[in-house]
Structures are given as C-alpha cells and as structure tokens.
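Report on one structure; see the data block that follows.
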Amino acid sequence: MSIMRKKKSSTLPAMNDDEKLLYALDIGASKLRLIAGRVDEPGHIKIVGFLESKSAGIVQCSITSMEMLTKSIASLILNYQNTFRVSITDIAVGVPGYYILAENHHGTATIQTGQITEDDIANAVTSARAGVKSSTDENYTTIHLIPQNYWTESSNLVQNPLNMFAKRLDVNVHIIGCNSMYMKNIESAIKMTNSEIDTTNVIYEGVAASYAVLTEQEKDIGVIELDIGDGSVCVSVFESNRQLVSFGIPDGGSYLTKNIAKAFSISMAEAERLKCTYGIAEPSRLDPKEYEDVLPLSDGSAPVDTYITKIALCSQIRKSLDSMLSIILQKIVEACGASLDKLNIGAGVVLTGGTAKLPYIEQVISERISRLAEDPTCRFLTISSKVRIGHPRDLSIFENAGDRRAVSDTDSAVAVGLLRAARFNEMNQLSKNDADDGDSNNPLKKVRNFFKHWAEREL
C-alpha cells in the first residue's frame with residue numbers, strides 16, 4: 001500500500017471528474033468504521049479519509065438499543081466531518097450475514113429481435129426472482145442479484161451475452177435478500193443522526209470482504225471467504241467466478257469470549273482481555289514450559305480461588321473454534337448437496353475480520369478442512385487445506401487520511417470492500433435509488449444501466 005502525499009490539511013483532496021467520492025460505514029459489534037475513497041476503473045482504491053470508533057447498542061450483530069447505536073454513529077460521523085471538513089450526503093452500509101438469505105434461481109428471456117440486448121439480459125436476470133418463495137419475499141428485501149452463468153442454444157459458456165445472436169437466453173442467478181426490519185432499523189439509525197444523509201447502498205458484508213481481498217484467480221479455481229468479526233461470521237463461496245453460497249452465523253470473536261467467560265466464571269471483559277493478550281488458536285504451539293503458567297486476573301470478577309492456566313485458556317479457544325467451524329462447514333456441505341454440483345475449492349479459505357488475527361487460526365482451520373475429506377457425507381465438496389489471512393489489496397492512502405495500518409488490516413476488509421462494491425457492483429447490488437422508481441425489488445433499470453456502462457467501457 002502506497003502513501004499519497006498532499007498538503008498538511010485534513011480537507012479531502014479534490015476529485016477527478018471521472019472518480020466519484022464514495023463513503024461507506026461498517027457497523028460492527030465492537031467497532032464502527034467510516035471510510036471515504038475513490039475507485040478507478042481498474043479497481044484501485046485511493047483512501048482519502050478513515051476513522052473508527054467503538055460501537056454501542058449492538059451485540060453479536062443484534063441491535064440492543066437504537067438510542068445507543070444512533071449516538072455512536074452520530075458521534076463518528078460528526079467527528080469525521082469535522083476532521084476532514086466534509087459534508088456527507090450519501091453512504092454505503094454493510095449488512096452482516098446473519099440477516100441475509102441467499103438462494104440460487106434460474107431465469108430466462110425470449111429474444112424477440114434475435115440479438116441479445118441490455119433489456120433481454122435484464123429480463124432474464126430479474127425473471128429469476130420468480131423462484132423466490134413468497135414468504136421469503138415478504139420478510140426480505142432483495143439487495144443483490146448476482147448472475148452466475150449464462151447460456152444460449154449455441155453456447156453453454158457465456159460470460160457476457162450482450163449482442164450475441166440467440167432465440168433464448170438462460171441465466172443462473174445468486175439472489176441475496178436482507179431482513180427488511182434490520183435494514184429499516186439501520187437506515188433509521190443513520191437518518192436519525194442526520195436527516196440529510198441517504199443510505200444509498202446496502203451491501204452484504206460477505207460481498208464487501210470478497211471485493212476487498214479475493215483475487216480473480218481464487219474466485220476462478222474456487223475459494224471460501226470467511227469474515228470472522230466480533231459479533232458474526234459472513235461466509236461466501238466462489239467457484240468458476242460464480243458466487244454460489246452466502247450465509248452468516250451470529251458467532252464470531254465474542255462467541256469465543258463468551259465461552260471463555262462461562263468456562264472460567266469470569267466477566268466478558270476479563271475473558272476478552274485474556275483472549276487477546278494470551279490466547280492462541282492451537283494449544284500445541286505453546287512451549288511446554290508455558291502450559292501451567294497461571295494468567296493474571298485483573299478486574300476482580302472471578303471467585304477468589306479461580307486460576308486459569310495458559311494451556312486451559314488456549315484449549316478452550318480451540319474447542320470453541322472447532323464448534324464454530326463445524327457449523328460453517330456443515331452449512332456449506334448442505335448447500336452443495338441441496339442445489340449444487342460437486343464443488344472443488346482449489347484456493348482453500350481466505351480469512352478476514354478481527355478474529356483472523358488470532359495466532360495459528362490458519363492451522364486450526366486447515367486441519368479441520370483436512371478432516372472434512374474423511375467424512376462420507378461431504379462427497380459433494382472438496383476443499384484445499386490452504387488458508388491465508390486476507391488484507392485489503394490495491395490500495396493507496398493520502399497522507400493525513402487516517403491510520404494507514406488500520407486501513408490495511410484484515411479487520412478493515414469489509415469497510416474497504418464496501419467502497420469497491422459500491423463502485424463496481426452496479427448490476428448485482430440494488431440501491432435505494434431503485435426504490436425511487438417505484439418498486440424497491442425491481443432492478444430492471446439497474447441491470448440495464450449496468451450493461452450500458454459495461455458496453456461503454458469494454459466495446
């Protein structure tokens with residue numbers, strides 16, 4: 001990541017005519033992150049402002065107090081606007097995987113003119129929504145329509161069908177919906193901070209993290225993106241450049257902390273301190289001389305006779321991680337067996353989020369994946385045991401734009417990815433502007449505009 005120098009002022013630098021300044025807000029259980037940047041055509045991000053602060057009113061991705069959440073967001077936005085001397089009018093916001101529901105559906109369109117147009121593609125993609133159950137449609141608002149693959153009567157491997165000759169166009173679409181009540185609460189919290197701020201884009205955090213850290217090669221040969229935050233885990237599975245599986249669970253770093261607190265009868269604050277200061281994911285990596293080291297307790301929450309050894313702490317962390325990973329892998333296996341052909345995930349797993357910084361977590365996940373190969377119920381799925389920690393890629397940051405180490409850290413993947421997703425995900429992501437056209441779940445105009453812009457860039 002390079003540093004771009006500018007005058008010693010916190011005012012955001014002037015933007016080029018072809019680069020729109022984008023704002024994004026990552027609402028986590030432990031931190032709020034507000035970021036601004038410009039994304040050029042190749043996808044490079046120029047970060048021009050970044051601030052983070054503690055969040056409040058949200059626990060394990062559940063809103064516990066609208067008042068506290070609104071105050072914490074308002075404080076960050078006010079601080080940001082004063083620091084960088086800007087006025088924010090629109091912002092992209094992330095949604096944790098626990099509040100999304102994803103399905104794969106087939107769509108089709110008859111080509112009236114014999115040559116595929118933008119409208120034909122839009123009709124095929126949007127027709128896939130007909131397969132969404134009415135009960136699901138009532139409780140979830142569609143935020144992403146992600147085409148997986150197209151085919152016509154003459155080709156089964158169509159990447160972009162625009163201007164091809166055909167009588168019929170078929171498409172498989174990955175449809176992601178967001179819990180409508182959660183979406184309204186987040187939009188309301190932001191609006192309550194400042195009525196002038198519009199929540200223009202609502203983006204699944206798994207999509208954002210993938211945009212931030214994954215390479216095209218990884219998505220081609222197959223990869224699982226795990227964003228393990230403090231309050232939730234977002235999972236996205238790719239193969240042959242198709243997003244096939246998306247889901248989340250309400251467990252993350254706080255799940256490990258809670259299990260430590262319960263196991264040793266200590267407070268959550270003390271458990272978090274021990275985890276971050278002394279914890280590692282793989283107990284076997286400890287020096288045997290450290291096994292019986294008694295860890296200091298600082299807040300007086302534990303019973304008088306309580307003592308915790310380092311090996312006991314790390315064993316509890318490993319046990320909790322195994323439990324979390326079993327749930328995640330089982331959900332992936334179920335998705336593959338239910339609606340997908342056999343998948344070969346050649347690039348393994350890419351980890352992001354604060355919990356990805358837990359020492360030796362890569363080894364634990366790699367070992368758990370290796371055991372998966374021995375399970376006969378997993379015949380639909382082959383996963384490479386390769387695991388890497390993902391950091392936001394293709395970045396530069398202006399001097400005085402914020403903590404550059406924090407921006408490039410793995411737990412900033414969602415915040416950075418929201419910018420790239422808002423810039424390039426025109427077709428796949430439905431913005432609130434679509435609602436202004438009458439139907440918030442009708443992306444026909446959005447899809448048509450995407451292919452118009454694509455044609456202008458590529459043809």
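The values are calculated or read from the model by the stated rules, or taken from the named source; none is laboratory data. From a predicted model like this one, the values you see are computed outputs, not experimental measurements. Using ideal geometry, Cβ is built from the backbone for each residue, glycine included, and neighbour counts are taken over all protein chains shown.
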Looking only at residues in segment 369-421 that are part of a loop (DSSP other than H, G, I, E, B) and aliphatic (A, V, I, L, M), which one is nearest to Ala356 (Cα to Cα)?
Ala373
Give the residues of segment 238-270 that are over 18 Å from Ser320 (Cβ atoms) and touching a helix residue (DSSP H, G or I) at 6+ places or on another chain (Cβ under 6 Å), sorted by residue number.
Phe238, Asn241, Val245, Ser246, Phe247
Can you say whether Ser254 is in contact (Cβ under 8 Å) with a residue 24 or more places away in the chain and touching a Gly at 6+ places or on another chain (Cβ under 7 Å), as far as the supplied structure shows?
yes
Within the group Ala271, Ala281, which residue is touching a Leu at 6+ places or on another chain (Cβ under 6 Å), outside the structural domain of Glu205 (by TED's automatic domain parsing) and either crowded, with 17+ Cβ neighbours inside 10 Å or among the basic types (Lys, Arg) (or both)?
Ala281
Please enumerate the residues belonging to segment 243-254 that are out of contact with any Lys or Arg (no Cβ under 8 Å at 6 or more places or on another chain) and surrounded by fewer than 22 Cβ atoms within 10 Å (Cβ to Cβ).
Pro250
If we take segment 150-243, then strands (runs of 3 or more DSSP E) inside it with 1 or more residues that are among the polar types (S, T, N, Q) and within 13 Å of the chain's Cα centre (by Cα) are 233-239
Output for Cβ contacts, cut-off 9 Å, separation at least six or different chains, first residue touching a residue at least 12 places away in the same chain (Cβ under 8 Å) in segment 261-290, second acidic (Asp, Glu) and assigned to a helix (DSSP H, G or I), reads Phe264/Glu270; Ala281/Glu362; Glu282/Glu367
